[in-house]
Amino acid sequence: GRVVADVLLPDDRNMSQTLVQQGWCWWDRKQAPQDTQLEALEKEARDSQKGLWADPDPVPPWEWRKNARATTP
């Protein structure tokens, strides 16, 4: 299975929260469905068009991988 863990930065910030807040990644609903803080941070990043949310049509990594597999000979 997949290991899911909280990673703390040297200043005690949570890395997942920091990345989501800055718009550099998606909140992984499958791995952390009850994490309302990540949900709120992603909404804030989307609304502010931070990071990947500045793109009008960002492609989630799971969709990109699925499409890449479908087009690989």
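The values are calculated or read from the model by the stated rules, or taken from the named source; none is laboratory data. Just so it is clear, the model here is predicted, and its values are computed rather than measured. Cβ sites come from the backbone with ideal geometry, for glycine too, and all protein chains shown count toward neighbours.
Criterion first (of a type outside the set (G, A, S) and touching a strand residue (DSSP E or B) at 6+ places or on another chain (Cβ under 8 Å)) does L38 satisfy it? Considered against the rule, which asks whether it is of a type outside the set (G, A, S) and touching a strand residue (DSSP E or B) at 6+ places or on another chain (Cβ under 8 Å), L38 comes out as no.
Reported count of residues in region 18-73, each being charged (D, E, K, R) and in a helix (DSSP H, G or I), is 10.
In this structure, does D12 turn out to be charged (D, E, K, R), at pLDDT 95 or above, surrounded by fewer than 11 Cβ atoms within 10 Å (Cβ to Cβ) and part of a helix (DSSP H, G or I)? The answer is no for D12.
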